[in-house]
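Working notes, structure below.
The values are calculated or read from the model by the stated rules, or taken from the named source; none is laboratory data. Everything numeric here is computed off the predicted structure, so don't read it as measured data. Virtual Cβ from ideal backbone geometry, glycine too; neighbours counted across all protein chains shown. Side chains are part of the model used for accessible areas, which takes the heavy atoms of the whole protein and leaves out ligands, DNA and RNA. Shrake-Rupley method; radii C 1.70, N 1.55, O 1.52, S 1.80 Å.
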Amino acid sequence: MENIDEVSAVPRELEEALKNNSLTTAAGKIQDYLKEINNVELNIAVTGESGSGKSTFVNAFRGMKNNEEGAALTGVVETTMEAKAYPHPKYPHLKVWDLPGIGTANFKPEEYLQKVEFDRFDFFIIVSSERFRANDITLAKEIQKMKKKFYFVRSKIDNDMRAEGRKEKFDQDKTLETIRQYCIKGLEDQGLGSPKVFLISSFDLGHYDFNDFEETIEKELPDHKRHVLLLSIPNITLKINQRKKEAFKANIWRLAFVSGVVAAIPIPGLSFAVDVSILVIEIKKYYNAFGLDDKSLQSLANRMNVPVEELKAVLKSPLNKEINKDVVVKLLQSAVLAGVTVVEYLFSNIPIVGSLAAAGISFGTTEYMLRKCLNELADDAHNVLMKALVNE
Ligand SMILES: Nc1nc2c(ncn2[C@@H]2O[C@H](COP(=O)(O)OP(=O)(O)OP(=O)(O)O)[C@@H](O)[C@H]2O)c(=O)[nH]1
Ligand SMILES: [Mg+2]
């Protein structure tokens with residue numbers, strides 16, 4: 001029997017919704033919210049001087065390599081003046097835009113921003129493989145004027161580390177800090193305050209400042225956009241893995257409410273109804289976001305130089321084999337056999353629902369199921385990452 005203390009408390013938001021609305025109105029609102037976070041777009045613009053590594057970053061951010069199909073072209077001098085959108089292969093709502101280079105001497109930031117239709121972007125990433133130059137800075141100022149956000153990325157850090165690593169007495173952290181301070185000082189000198197500069201290698205996103213970078217963007221995004229970013233960001237550090245888990249967990253009560261109460265569909269052999277298709281869709285989302293699919297595992301294996309079989313060997317959850325209605329119904333049935341009824345605990349505080357025993361059972365069971373599957377898949381992803389990291 002599941003330890004009841006582990007059940008997440010019913011969020012105040014649900015309590016409030018139920019206090020002021022009928023059950024169906026509350027549910028409608030929650031459904032609208034879920035729909036919205038599934039459909040919201042995130043548009044990220046990547047800009048900087050020619051050759052700074054923009055296109056390579058566009059690919060890495062989407063979990064792709066430069067030579068893959070659908071990857072942005074790299075290593076060639078591009079003459080195009082058009083911004084080009086590259087949708088994430090799994091989450092097309094996330095679009096990373098490769099903007100034209102800003103290298104020319106007569107660069108006019110205002111014209112440039114108009115031309116690329118700046119208003120469609122949620123934020124800008126300004127990439128430089130050396131110090132930030134006059135064009136980067138005038139562009140940043142113009143972006144600021146347009147009330148948009150920008151982040152500075154100092155790219156190709158692996159190159160610096162390799163070159164510096166040849167020296168005697170190499171201290172990676174110190175070298176990184178020197179580069180960071182040098183970039184920040186350059187920006188300060190040109191009147192940009194002291195913005196953060198993230199040191200990144202597109203060939204090695206799991207290292208250096210990528211985690212910090214992702215976390216910073218995440219914090220500064222509005223709530224409903226944060227979810228898109230977290231779903232689609234490559235699952236390459238333990239911290240990202242954990243943040244993905246937290247984001248999914250925060251949504252479980254909503255899905256349980258909709259699946260159990262609103263969209264309830266009877267399941268043969270069970271005395272209550274839940275919408276299994278909602279469960280299947282959500283569990284598949286976990287699976288994809290944690291990068292447990294063959295393609296993601298293979299790409300992690302390549303990057304970390306580990307045979308993919310070694311990564312697969314640590315997978316424990318049966319959900320890694322297949323996620324479909326039958327599998328989920330079986331899990332549900334075994335949960336019920338194991339005596340999972342968390343209803344009374346969950347609903348003792350909410351009188352309206354408390355009296356609807358069947359709805360309560362559905363809610364409690366769906367909540368339990370999603371939490372269990374999320375834990376299993378997040379643990380598997382964690383173990384895969386540990387395995388890959390040990391091999392470094
Ligand atoms: N070592 C290393 N090389 C990189 C990195 N990012 C990009 N490069 C290399 O730098 C070169 C230029 O990269 P691109 O991504 O094509 O640069 P870009 O800014 O898109 O260039 P343009 O489109 O011509 O403006 C390529 O040879 C890349 O392989 C990195 O993080 N590390
Ligand atoms: Mg390019």
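What the table shows:
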| item | result |
| --- | --- |
| Simple label model, 7 Å out from Cα along Cβ direction - Glu164 to Glu41, nm | 4.0 nm |
| Folded to 0 to 90 degrees: helix 172-189 orientation relative to the chain principal axis, Cα | 70 degrees |
| Interchain or long-range residues, amide H under 5 Å from Leu199's placed H | Arg154, Asp209 |
| Positive-end extreme of charge dipole, the chain - chosen from Asn59, Gln144, Tyr368 (charges on Cβ) | Gln144 |
| For the chain, with +1 on Lys and Arg beta carbons and -1 on Asp and Glu, the positive-most of Pro222, Leu377, Asn288 along the dipole | Pro222 |
| Given Lys35/Lys249; Lys19/Lys325; Lys65/Lys108; Lys196/Lys244; Lys249/Lys325, the pairs whose alpha carbons are separated by over 26 Å | Lys19/Lys325; Lys65/Lys108 |
| Rounded tilt (10° steps) of 238-249 against the dominant C-alpha axis of the chain | 40 degrees |
| Entries of Lys148/Lys225; Lys239/Lys316; Lys95/Lys316; Lys321/Lys372 with Cα pairs more than 27 Å apart | Lys95/Lys316 |
| Under 5 Å, built H, 5+ apart or other chain: amide partners of Ile267 | Phe272, Val274 |
| Bridge type composition, the chain - antiparallel percent by DSSP, nearest 5 | 20 percent |
| Difference of contour (0.36 nm per residue) and Cα-Cα distance, Lys239 to Asp32 | 71.5 nm |
| Accessible area expressed per residue, the chain, with surrounding protein chains retained (probe 1.4 Å, Å²) | 49 Å² |
| Cβ-derived FRET efficiency at R0 45 Å, Ser50 paired with Ile281, nearest 0.05 | 0.60 |
| Under the Karplus curve 6.51 cos²θ - 1.76 cosθ + 1.60, θ = phi - 60°, whole-Hz ³J(HN,Hα) for segment 15-20, x wherever Gly or Pro sits | 4, 4, 4, 7, 5, 9 |
| Of the trypsin sites (Lys or Arg not before Pro) in segment 276-338, those whose Cβ has at most 12 other Cβ within 10 Å and which sit in DSSP loop | Lys316, Lys321 |
| Gain on full stretching of the segment that runs from Thr178 to Met386 - 0.36 nm per residue minus C-alpha separation | 71.9 nm |
| Contact order normalised by residue count of segment 41-232, Cα under 8 Å, 6+ apart, percent | 23 percent |
| Sparse-neighbourhood loop sites, trypsin sites (Lys or Arg not before Pro) in segment 143-186 - DSSP loop, at most 13 other Cβ within 10 angstrom | Lys147, Arg166, Lys167, Lys169 |
| Label-to-label distance, nm, for residues given as Asn320 and Ala250 (7 Å Cα→Cβ offset) | 2.9 nm |
| Label point distance in nm, Asn302-Glu110, each placed 7 Å from Cα along Cα→Cβ | 4.6 nm |
| Fraction of accessible area attributable to carbon and sulfur, the chain (%, probe 1.4 Å) | 51 percent |
| Restricting segment 27-136 to GluC sites (Glu not before Pro) in coil, as DSSP defines it, with at most 15 other Cβ within 10 Å | Glu41, Glu68, Glu69, Glu82, Glu117, Glu130 |
| Helix axis angle, 223-232 relative to the chain longest principal axis, alpha carbon, degrees | 80 degrees |
